[in-house]
Amino acid sequence: MTFGQSKLYRSEDYGKNFKDITNLINNTFIRTEFGMAIGPENSGKVVLTAEVSGGSRGGRIFRSSDFAKNFVQTDLPFHPLTQMMYSPQNSDCLLALSTENGLWVSKNFGGKWEEIHKAVCLAKWGSDNTIFFTTYANGSCKADLGALELWRTSDLGKSFKTIGVKIYSFGLGGRFLFASVMADKDTTRRIHVSTDQGDTWSMAQLPSVGQEQFYSILAANDDMVFMHVDEPGDTGFGTIFTSDDRGIVYSKSLDRHLYTTTGGETDFTNVTSLRGVYITSVLSEDNSIQTMITFDQGGRWTHLRKPENSECDATAKNKNE
């Protein structure tokens, strides 16, 4: 691990001018992999995670509630493994995982922290300050992958309910809760979906995947989901499926969708200013990459061609696309 000094800048005119505010965080080196944890909507909250020496008992964060005009330094009782996560409903409530797989919650914007569960692999905020997380019973997250349990707490850790078993992973999108669940008879996985925060589940009508494949929620709202299903083998592409309003029935939307690895790179973009418009890339048979666009929520995709009288990069295989 290397240590050094990083610079922190702030702009009040949408990036036209920047002011060096590194002195507000005591010239501390900030962990770039955690980035800036920006509060939801217009809360003005910012959390920066600092580098600390190897012998320290816990991590350190800098907190601001006034759009980074001032920061408060706070030493943590744990070393964070992930970026601080804000509750969508209450930006004073923060969630973090520790390097020892502890699940920590703060109710006062990071001032004080409480460990509410151990042996946690993945945690996410749901609606109404609900927290979902996977936990292992035996060895570790990696050893128990596919045998994890999915838990829920609706009171910030006072009580818990087990809502899923044989879990590989889970995700949230819109009003949908998804779980990748191991099959009973083999090593394949299927997607199960819930619209009541895990009280009841239905199996999604999506292809099963093997050990080397993955599912990925590309976009979701309360009415539909875009789901990527990886192809077998190291192809670098998969298929996009779109759901009905229950998240159960799916239709094939786009073949050869470019997506290299789970958590890797994908160009899938929701054009939020235009309802129903999405842009992404496909890997053609000749291994060239082409940009596709849909105007009807994935019902039909067309090539997004270059503007007239413009030149493509010299490396482009097709100069018209």
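The values are calculated or read from the model by the stated rules, or taken from the named source; none is laboratory data. Computed from a prediction, not measured in an experiment: that's the story for all the values here. Here Cβ is always computed from backbone atoms with ideal geometry, including for glycine, and neighbour counts include all displayed protein chains.
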Worksheet item: Which of the following residues is at pLDDT 95 or above and crowded, with 19+ Cβ neighbours inside 10 Å: 110, 59?
Response: 110
Discussion item. Anything in segment 155-178 that is in a loop (DSSP other than H, G, I, E, B) and either in contact with a strand residue (DSSP E or B) (Cβ under 6 Å, 6 or more places away or on another chain) or buried (at least 16 other Cβ atoms within 10 Å of the Cβ) (or both)? List them, or say none.
Written reply: 156, 157, 160, 174, 175
Worksheet item: Just checking, how many residues over segment 229-243 are more than 15 Å from residue 190 (Cβ to Cβ) and part of a strand (DSSP E or B)?
Response: 5
Worksheet, complete the sentence: Subset of segment 170-202, residues among the hydroxyl-bearing types (Ser, Thr, Tyr) and modelled with pLDDT under 95, comes to 187, 188
Worksheet item: Just for segment 179-214: of the residues that are under 22 Å from residue 133 (Cβ atoms) and of a type in the set (Gly, Ala, Ser), which one is surrounded by the most Cβ atoms within 10 Å (Cβ to Cβ)?
Response: 179
Discussion item. Tell me which strands (runs of 3 or more DSSP E) are completely within segment 1-72 and hold 2 or more residues being in contact with a His (Cβ under 7 Å, 6 or more places away or on another chain), or say none if there are none.
Written reply: none
Item to complete: Go over the candidates 71, 34, 62, 109 one by one and state the one that is of a type in the set (Phe, Trp, Tyr), within 25 Å of residue 158 (Cβ to Cβ) and in contact with a strand residue (DSSP E or B) (Cβ under 7 Å, 6 or more places away or on another chain).
Response: 109
Worksheet item: Can you spot a residue in segment 142-150 that is within 30 Å of residue 89 (Cα to Cα) and outside any strand (DSSP E or B)?
Response: no
Item to complete: Please name all residue pairs, on different chains or six or more residues apart, with Cβ atoms under 9 Å, provided the first residue is in segment 300-321 and is under 28 Å from residue 226 (Cα atoms) and of a type in the set (Val, Ile, Thr) and the second residue is surrounded by 13 or more Cβ atoms within 10 Å (Cβ to Cβ) and at pLDDT 65 or above.
Response: 302/292; 302/293; 302/294; 302/295
Worksheet entry | Tally of residues being surrounded by 17 or more Cβ atoms within 10 Å (Cβ to Cβ), among the hydrophobic types (A, V, I, L, M, F, W, C) and closer than 15 Å to residue 93 by Cα across segment 26-49 | 3
Worksheet item: Of the residues that make up segment 102-116, is at least one farther than 23 Å from residue 196 by Cα and touching a Cys at 6+ places or on another chain (Cβ under 6 Å)?
Response: yes
Worksheet item: Could you list, in sequence order, the residues of segment 42-61 that are in contact with a Phe, Trp or Tyr (Cβ under 7 Å, 6 or more places away or on another chain) and basic (Lys, Arg)?
Response: 45
Worksheet item: Any idea which of 294, 280, 266 is modelled with pLDDT under 85, under 26 Å from residue 205 (Cβ atoms) and out of contact with any helix residue (DSSP H, G or I) (no Cβ under 9 Å at 6 or more places or on another chain)?
Response: 266
Discussion item. Suppose the filter is among the β-branched types (Val, Ile, Thr), buried (at least 17 other Cβ atoms within 10 Å of the Cβ), on the phi < 0 side of the Ramachandran plot and at pLDDT below 95; does residue 52 pass it?
Written reply: yes
Worksheet item: Restricting to segment 124-133, what's the tally of residues that are closer than 11 Å to residue 152 by Cβ and outside any loop (DSSP other than H, G, I, E, B)?
Response: 4
Discussion item. What's the total number of residues in segment 73-86 that are closer than 16 Å to residue 111 by Cβ, of a type outside the set (Asp, Glu) and either out of contact with any Leu (no Cβ under 8 Å at 6 or more places or on another chain) or not in a loop (DSSP other than H, G, I, E, B) (or both)?
Written reply: 7
